[in-house]
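Undergrad: Let me begin by handing over the structure; questions about it come next.
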Amino acid sequence: MTLDLSLPTAHDDSKAPGKTSKWLAAVPMAFLSFTVGIPLIIIFVYSFLARPSMGVGVIWKLDLTHYVKIFVQDKLDGTRSFDTRYLKVIWNSFFYSGLTTVGTLVLAIPVALWIATRDPRKRILLVFLVTLPFWTSILIRTYAIRQLLDEKGVLGKIATTLGFSDNFQILYTPTSTIIGLVYTFLPFMILPIYASAERFDFRFAEAGFDLGARKMTVLFRIVLPQIAPGIIAGIALVFIPGLGSFLQPDMLGGGKTNMIANVVANNYGQARNWPFGSALSVLLCLITLVATLMISIAARKRKEAKV
Amino acid sequence: MKFFTPKMGAAIALAAVVSLGLSACSSSAKTDTAASSTEFPTANGGEVNLYNWTNYIDPEQLKAFTAETGIKVNLDTFDSNETLLAKLQAGATGYDVIVPSDYMVAQMVTLGLLENVGVASFPNGKNIDPNFMDVYWDKGRQYSAPYMYGTTGIAVNTTNAAANKITSWKDFFAADSATSVDVLKDQTEVVSAALRATGVAAADLCTVDKSKYAAAQKLLEGFKPKVIDSDGGIERMVKESSMVRMAWNGSVHRMSTDNPKIKYVFPSEGLNFWADNLAIAKGAPNLDNAKIFINWMLNPKQGAVATNFTGYANAVLGSGDLLDPAIKADPAINASPENAKLATPTPNCSTEARDLYTEVFTSWTSSQ
């Protein structure tokens with residue numbers, strides 16, 4: 001590869017073509033600080049405050065016990081012990097989100113590569129088809145999946161006809177939660193991988209074949225390294241939001257496969273314990289931050305390895 | 001009293017028991033005199049903002065209100081009392097008529113979130129069933145008018161042998177997972193039912209005795225329902241995906257309309273009675289229109305329209321004649337006197353007791 005030495009230097013480049021003024025960036029930055037930053041600060045502050053004796057919300061009194069309560073359980077028999085319940089929920093979140101990432105990755109790579117190797121006009125249509133699910137609300141689509149997986153629904157009827165109907169139960173199991181999550185997040189994996197794959201010059205792959213490499217060698221040594229930025233972006237877009245999933249465990253998992261968002265929701269709802277719900281949310285943020293850092297470190301390592 | 005005539009003394013019995021039970025509870029309602037003027041406002045156009053539960057009022061009924069009074073109704077919906085409370089406590093303005101449940105009215109009155117408009121003195125205040133007049137959450141009906149009321153019991157499919165044997169919460173929680181049991185995603189309902197099943201008396205459901213909760217927790221340990229949720233239950237019971245479900249009586253009425261094999265069981269240890277109310281949020285921008293709306297809803301005809309839509313009973317005298325015969329004949333809604341006696345108000349517990357509910361519920365849901 002040739003080295004690009006003509007990069008513009010840092011001095012006043014706002015007038016260069018394609019560059020914008022920092023003031024144009026200020027508006028979205030302000031919007032983001034307002035809609036993301038302030039709620040985060042509120043949650044953070046709430047997690048250190050006490051509960052009112054009546055109603056909901058917080059009172060302005062320092063209370064540090066919420067974080068302790070995540071790990072220490074005051075049992076009903078009066079003893080205290082290490083609390084595994086919330087850790088289990090956090091583990092669930094990681095496990096389901098991780099499985100979703102693997103599932104979407106396995107499904108998305110072939111699809112993205114296939115789309116990228118069609119002729120340009122067809123590609124536009126195919127990308128359009130990938131985004132088709134966004135046309136309706138996620139809630140409606142989840143209801144539809146519920147109908148599909150129901151033992152009295154389409155899949156159930158097929159199972160009955162094929163004669164293994166006795167114990168056909170996918171809906172309201174962890175499997176159902178994962179199917180729902182993979183379905184929901186699949187486009188977020190396909191699109192960035194496709195974006196990378198589209199830029200990949202498939203003549204390199206052909207050259208590999210011509211030089212006698214086997215299919216798998218070409219895939220793993222030539223194609224995948226080239227589309228890795230898309231894969232990493234896809235992992236970030238699936239794994240991180242996946243940690244905070246609420247709808248799929250609630251509606252498809254039958255309320256039994258609790259992820260952290262479901263527990264936070266109960267604390268903001270019937271349990272009327274906003275500070276504890278906030279403490280759990282802060283923990284979720286920290287976990288997400290660690291996950292993001294890990295992904296970006298992986299991305300940087302890959303870049304460094306290339307250079 | 002037409003609604004409660006001949007064989008429907010049942011409803012009276014239910015209401016009477018409820019009234020006794022409710023009055024027995026400590027009253028947190030302030031009884032300062034009604035702030036309303038003697039003149040009831042007359043409709044003069046404008047609008048009223050109604051904040052109601054999802055799918056809990058007939059849209060046609062709202063159109064009829066607008067046609068009669070010229071007042072436009074803006075409907076917004078919520079999904080739980082806690083959501084409603086959170087909105088009002090956060091200082092949300094713009095809500096006129098809200099629909100809190102019993103215990104939530106009591107909380108809101110104490111927190112000063114409701115307007116004292118002297119509902120009982122409204123022109124149609126006389127239509128409020130006397131049994132619903134001196135309720136613990138609003139003695140003498142200063143702040144709120146009764147809307148719908150019902151119970152939380154058990155729906156069973158009578159063709160399933162195991163399901164058909166269920167007569168108590170104890171049976172319900174012991175049900176084999178092969179029977180396909182659903183339960184409401186509601187910590188108050190689940191934990192109070194478990195407390196009842198382990199022998200806690202109705203009056204003691206807000207106990208702070210930890211050993212009682214430990215027993216309830218032990219009972220729940222083996223309880224693995226197929227689904228824990230608050231919606232979609234009607235459909236699953238009708239399709240027979242589930243054979244047993246903790247359910248509200250009005251929803252069981254809808255189930256049995258579509259699938260006559262489903263019946264409502266009043267658990268022998270007793271069950272929770274709840275009552276929703278029409279109230280006016282403090283600082284309501286359309287106070288007069290809100291009063292006009294509540295007064296209009298206390299008309300027997302409107303009470304009947306509401307019941308026919310929701311499948312729950314109302315407490316408006318004279319609405320009985322206008323009810324759908326299927327609702328009148330349903331023992332889930334018009335309970336027999338024996339069954340009516342089993343209903344006691346949904347416990348309105350202290351923070352300390354509610355934390356114990358949360359503890360039991362969290363342990364149970366995380367062990368699923």
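The values are calculated or read from the model by the stated rules, or taken from the named source; none is laboratory data. Everything numeric here is computed off the predicted structure, so don't read it as measured data. Reconstructed Cβ throughout: ideal geometry from the backbone, glycine too, with neighbour counts over all protein chains shown.
Undergrad: Going through B:16, B:29, B:34 one at a time, which residue ends up being surrounded by 15 or more Cβ atoms within 10 Å (Cβ to Cβ), of a type in the set (Gly, Ala, Ser), under 17 Å from residue B:98 (Cβ atoms) and modelled with pLDDT under 50?
TA: B:29
Undergrad: Right, another one. Would segment B:243-265 turn up any residue that is of a type in the set (A, V, I, L, M, F, W, C), touching a residue at least 24 places away in the same chain (Cβ under 8 Å) and under 24 Å from residue B:51 (Cβ atoms)?
TA: yes
Undergrad: Something else now. If only one of A:244, A:234, A:212 is more than 13 Å from chain B (Cβ to nearest Cβ), at positive phi and not acidic (Asp, Glu), which one is it?
TA: On the way: A:244 fails: at positive phi; A:234 fails: at positive phi.
Being more than 13 Å from chain B (Cβ to nearest Cβ), at positive phi and not acidic (Asp, Glu) holds for just one of A:244, A:234, A:212, which is A:212.
Undergrad: Now for a different question. Within segment A:49-74, which residues are buried (at least 18 other Cβ atoms within 10 Å of the Cβ), out of contact with any Asp or Glu (no Cβ under 8 Å at 6 or more places or on another chain) and more than 11 Å from chain B (Cβ to nearest Cβ)?
TA: Within segment A:49-74, A:66 is the sole residue that qualifies.
Undergrad: Further question: Considering only segment B:66-76, state which residues are closer than 29 Å to residue B:274 by Cα and either within 14 Å of chain A (Cβ to nearest Cβ) or of a type in the set (Asp, Glu) (or both).
TA: B:76
Undergrad: Residue by residue through segment B:53-94, note down the ones that are closer than 22 Å to residue B:283 by Cα, at pLDDT below 95 and assigned to a loop (DSSP other than H, G, I, E, B).
TA: Hits for segment B:53-94 are B:80, B:90, B:91, B:92, B:93, B:94.
Undergrad: Mind listing whichever residues of segment B:212-243 are among the hydrophobic types (A, V, I, L, M, F, W, C) and farther than 21 Å from residue B:274 by Cβ?
TA: B:214, B:215, B:219, B:220, B:223, B:227, B:238, B:243, listed by residue number.
Undergrad: Turning to a different aspect of this structure: Taking the condition of a type in the set (Phe, Trp, Tyr), farther than 29 Å from residue A:131 by Cβ and part of a helix (DSSP H, G or I), does residue A:209 pass?
TA: For residue A:209, the condition - of a type in the set (Phe, Trp, Tyr), farther than 29 Å from residue A:131 by Cβ and part of a helix (DSSP H, G or I) - is met.
Undergrad: Which residue, of A:138, A:170, A:190, is under 26 Å from the mean Cα position of the chain (by Cα) and at pLDDT below 90?
TA: Every option except A:170 fails the conditions.
Undergrad: Another one. Which residue is surrounded by the most Cβ atoms within 10 Å (Cβ to Cβ), if the candidates are limited to segment B:126-162 and must be assigned to a helix (DSSP H, G or I) and touching a helix residue (DSSP H, G or I) at 6+ places or on another chain (Cβ under 6 Å)?
TA: Only one residue tops the list, namely B:131.
Undergrad: In segment A:251-307, which residue that is hydroxyl-bearing (Ser, Thr, Tyr) and closer than 24 Å to residue A:70 by Cα is farthest from the chain's Cα centre (by Cα)?
TA: A:268
Undergrad: Which residues, counting only those in segment B:163-182, are modelled with pLDDT of 95 or more, among the β-branched types (Val, Ile, Thr) and surrounded by 18 or more Cβ atoms within 10 Å (Cβ to Cβ)?
TA: B:166
Undergrad: Sort through A:267, A:258, A:273 and tell me the only one that's under 30 Å from residue A:147 (Cα atoms), touching a residue at least 40 places away in the same chain (Cβ under 8 Å) and within 14 Å of chain B (Cβ to nearest Cβ).
TA: Result of the check over A:267, A:258, A:273: A:258.
Undergrad: Considering segment A:75-117 alone, what residues qualify as being crowded, with 16+ Cβ neighbours inside 10 Å and part of a strand (DSSP E or B)?
TA: Answer for segment A:75-117, where residues must be crowded, with 16+ Cβ neighbours inside 10 Å and part of a strand (DSSP E or B): there is none.
Undergrad: Which residues, taken from segment A:127-181, are surrounded by 17 or more Cβ atoms within 10 Å (Cβ to Cβ), among the hydrophobic types (A, V, I, L, M, F, W, C) and part of a helix (DSSP H, G or I)?
TA: Answer for segment A:127-181, where residues must be surrounded by 17 or more Cβ atoms within 10 Å (Cβ to Cβ), among the hydrophobic types (A, V, I, L, M, F, W, C) and part of a helix (DSSP H, G or I): A:127, A:130, A:145, A:149, A:159, A:178, A:179, A:181.
Undergrad: Also, quick follow-up: Wholly within segment B:295-368, which helices (runs of 4 or more DSSP H) include no fewer than the required count, namely at least 2 residues that are among the polar types (S, T, N, Q), crowded, with 21+ Cβ neighbours inside 10 Å and more than 14 Å from chain A (Cβ to nearest Cβ)?
TA: B:300-310
Undergrad: Looking only at segment B:179-233, which residues are out of contact with any Gly (no Cβ under 9 Å at 6 or more places or on another chain), among the charged types (D, E, K, R) and farther than 24 Å from residue B:80 by Cβ?
TA: Scanning segment B:179-233 gives B:204, B:209, B:218, B:221, B:224.
Undergrad: Quick one: which residue in B:200, B:227, B:238 is buried (at least 20 other Cβ atoms within 10 Å of the Cβ), more than 9 Å from chain A (Cβ to nearest Cβ), at pLDDT 90 or above and within 24 Å of the chain's Cα centre (by Cα)? Quick ask: steps written out before the conclusion?
TA: Numbers: B:227 fails: more than 9 Å from chain A (Cβ to nearest Cβ); B:238 fails: buried (at least 20 other Cβ atoms within 10 Å of the Cβ).
On inspection, the qualifying residue turns out to be B:200.
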